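Read the figures in this text as sums done on the coordinates, not as results from a lab. Note that the structure is a prediction, hence the values are computed from the model and not measured. All Cβ positions, glycine included, derive from the backbone under ideal geometry; neighbour counts span all protein chains shown.
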Amino acid sequence: MAREHEGLSNERIQRVTRRKADWWDRIKIVLLLSIITGVAVGANVAPPFRTVTDSFTDFVSSGFGAAVVFLLLFEILRQIHYVASERSSAYHSVWTDRIFGGAERSAGRFKPWTRYRVGRFVRWLVYVAIYALVTDTLRDDINGPVEAVQQFPRVALDVIPMILQYALLLFFVVGQFVAIFWFLSRGGMDVVLPEEIKTRFTDVWGQDHVKDLLIENIGFLEKPDEIEAKGGYIPGGILLWGPPGTGKTMMAEAIAGETGRPFVFVEPGAFMNMFMGVGILKVKGLYRKLRKLSLRHGGVIVFFDEADALGSRGALAGAGGGGGPFGNFELSCNGWNYASDTTRNLVVDEPKTSTEEKSHERRWPKVMMGMGMGGGGMGTLQALLTEMNGLTKPRGFWNRVRKTLGMRPKPPPKYRILHVMATNMPNALDEAMLRPGRIDRIFKVGYPSREGRRTTLAGYLSKVSHNLTAEQIDELSTVTPYYTGAKIKDLVNEALILAIRDGRQTIEWDDIWHAKSLKELGPPEDSEYIERERHAVAVHEASHAVLAHLMMRHKKIDLATIERRGTVGGMVKPIAMEDRFTLWRSEYEAEVMTFIASLAGERMFFESDNSAGVSSDLRAATQIVASMEGVYGMGDGITSWLGLPQNSAWQTPDPTEKVVGRMHDRVERRLQELYDRTWGILDEHREQVLAIAAALEDKKTISGDEIAAIMGTEPGSAVTREPSGWNLVDEATASQRREHAVASITRRKAAEKASSNGDQDS
């Protein structure tokens, strides 16, 4: 028991004593000063004329020697003090709690700014004392530290030539690197002054919903003091994301034009440089320019185009992507073209490599080289994020002078900088960049709606001479789904070129239709089929056309052709008659039947024989059915084989390979059922198939109206599944349902309010 009590007492004592120092830390400074003293004294010893005592006396008599000996004695006393603090808790407590602690408590009574100025004054006294001792030691014409301080101007004049020599040498050595980095940090940023910006919101067509939101936001820029007076802050950043060509850059210019502020355009590759660090210098230079423009004009707008090029600290931005509209299909029918956009994205992806092939792929480490390409990496991104914070700190030469003299620097002004970024890959941006305070508003600039396309078409057509009627413009807006503003502008321009080529100054409807075909399909090749192959391709496309006309109610055939274009031997091209965001099981089945109509038609008219040209159609049909069975819940089961996201672009691995491998029987059974239905429809309309094929052989390209005339029926007349849930109710029934919903919500809110009041009373 006594031993336990003694242990506790020792532990308590140990806690209030100084931590024991290592033996090397205890002697290293003493050893250094002793060596200096020994070397200085030994250099002047010359027995028997000059003994060690005489040499030591002369050393101590000099200012430098006196300082060294003083520091040596002070260090010895300091180590003795530490040894006592390590062994005696009472001794250690006196120094820490009463002497040093009391001094800290006394200093704490002063304001921080006063303590800072007193500390600066003490530091300057130390610097002056060091200068005086060193000058007294090195200069024979100086007698004492006081005279060294008095003779400071003369000493400085004597030293200035030597300082200038070293400074000049340093200037030439460092100046070379400064000049290189200064030269590399130029460019990549263009400043457009307010009077040079002609774009206004009236020039932005087809994006009214985004435009209205932007108009609301720029109101804060025009009257910033109102929101700040109420405790808010000015939004510092806007992100515009969406497909290319939808008008993001034009909107940024319109913001600058409407607000009358300078517009700074930052090129996508402005921060990518050969040397590491140049990107950081460009960021610093950019924001110095932005601050000056903000003070001069009351605000500035900086626009980062293709903001995903700024980089991300996470996954790679450019991974994945698919095969594009002209996928890696065999030279045959352009089978994907009559599918919807959703199905097209599913079908057109490049075939994925197998697991065995992926295991042998060489995986290179993703390392950024310091002297290689890609100098706009992590450092540049972090510098940009820091500047986007809007950190307000005193800047400028005179503020530095005021701080040096111990004066308070002037508060920084308010820099009103609006960041506008545009990208079509928002998930590639760093999350820290998108947080509130940096990017406060995120707007999607998507494909314009039908009304937006009509407005855009009317706007661009008003700039040229044309004879299109309002009905034709409305029809054109219907048959151009997923057209962006840039594509509509290019379409009108191509139609004008065709009219001028034909010797006319006015655009006609045929010019628009021809330009649309050229832009979407490309020019036909100057090549001819042999007779039997031309007939086979015509029957192939006619089978597609018959099923597309009969089975697709939500689409209209634009044209059918057997002209070769690139890797496409022929096609049937429908267009959506309405903007759709999802497809139903019956519509997927109709698309699969349209795909496999080529196989059924060739076997029907060529005595169970078929060409290899149906391979892409079968691949597309298999992929869609596999997705219906294993992903969309449109089959016998409800298990989804969809993979998890792989990268920052939210692209998923293709699940159809797994579905086909594990549910082959179900996929084959569904395809066979749809094939049998397709055969029956084609057998019923044999004459129409042959008639359309004959028209294709004769004219090579026919319109959807000609196909409808040959068929003699309305589009979608063979649809077997009619979704009853889509039927509209009369206005009276709809009104009753709305009143019932409002009454239910009102009763629930009243009950919740009564319950809340009862709890407060209790």
How many angstrom lie between the C-alpha centres of the stretch 34-91 and the stretch 131-176?
28 Å
Cβ charges +1 (Lys, Arg) and -1 (Asp, Glu), total dipole of the stretch 450-521, debye:
280 debye
Relative to the present Cα-Cα distance, how much length would full extension add between LEU125 and HIS664 at 0.36 nm per residue of separation?
185.2 nm
Please list, in order along the stretch 666-675, the HN-Hα scalar couplings obtained from phi with the Karplus expression 6.51 cos²θ - 1.76 cosθ + 1.60 (θ = phi - 60°), rounded to whole Hz, x for Gly and Pro.
5, 5, 5, 5, 5, 4, 5, 4, 5, 5
Residues LEU384, LEU491, LEU518 in order from fewest to most other beta-carbon atoms within 10 Å are LEU518, LEU491, LEU384
For an R0 of 30 angstrom, estimate the FRET efficiency from the Cβ-Cβ distance between GLN151 and ALA43 and round to the nearest 0.05.
0.60
For a Förster distance of 56 Å, can you work out the FRET efficiency between the beta-carbons of VAL52 and ARG200, rounded to the nearest 0.05?
0.05
Skipping prolines and chain starts, which residues have an amide H placed within reach, meaning under 5 Å, of the one on TYR632, given they are 5 or more residues away or on another chain?
none
Residues whose built amide H sits under 5 Å from the amide H of GLY569, excluding neighbours closer than 5 in sequence, are SER332, CYS333, ASN334
Would you work out the relative contact order for the stretch 559-634, in percent, from Cα pairs under 8 angstrom that are 6 or more residues apart?
22 percent
Please arrange SER703, SER744, SER543 by counting, for each residue, the other beta carbons lying within 10 Å of its beta carbon, fewest first.
SER744, SER703, SER543
Through the Karplus equation 6.51 cos²θ - 1.76 cosθ + 1.60, θ set to phi - 60°, convert the phi angles of the stretch 51-57 into ³J(HN,Hα) values in whole Hz; use x for Gly and Pro.
8, 4, 5, 5, 5, 5, 5
Which of the residue pairs LYS444/LYS487; LYS211/LYS489; LYS489/LYS699 have a Cα-Cα distance greater than 25 Å in the structure shown?
LYS489/LYS699
Sequence of THR51, THR137, THR480 once ranked by neighbouring C-beta atoms within 10 Å, starting from the fewest
THR51, THR137, THR480
Counting only residues 5 or more places away or on other chains, whose amide H sits under 5 Å from the amide H of ILE557 once H atoms are built in the peptide plane?
ILE575
Computed lengthening from ILE530 to THR386, 0.36 nm per intervening residue step minus Cα-Cα distance:
45.1 nm
In whole percent, what relative contact order does the stretch 35-90 give with Cα contacts below 8 Å and a gap of six or more residues?
26 percent
Which whole-Hz ³J(HN,Hα) couplings does the stretch 547-564 yield from phi under the Karplus relation 6.51 cos²θ - 1.76 cosθ + 1.60, θ = phi - 60°, glycine and proline marked x?
5, 4, 5, 7, 9, 10, 7, 8, 9, 10, 6, 7, 7, 9, 8, 10, 6, 7
Spatial extent of the stretch 11-167: Rg and Dmax, with the Cα atoms as the point set, Å
21.5, 63
How much length is gained if the chain between ARG603 and SER717 is pulled fully straight, taking 0.36 nm per residue apart and subtracting their Cα-Cα distance, in nm to one decimal?
38.6 nm
Determine, from the Cβ-Cβ distance of ALA458 and ALA754 and an R0 of 41 Å, the FRET efficiency 1/(1 + (r/R0)^6), rounded to the nearest 0.05.
0.15
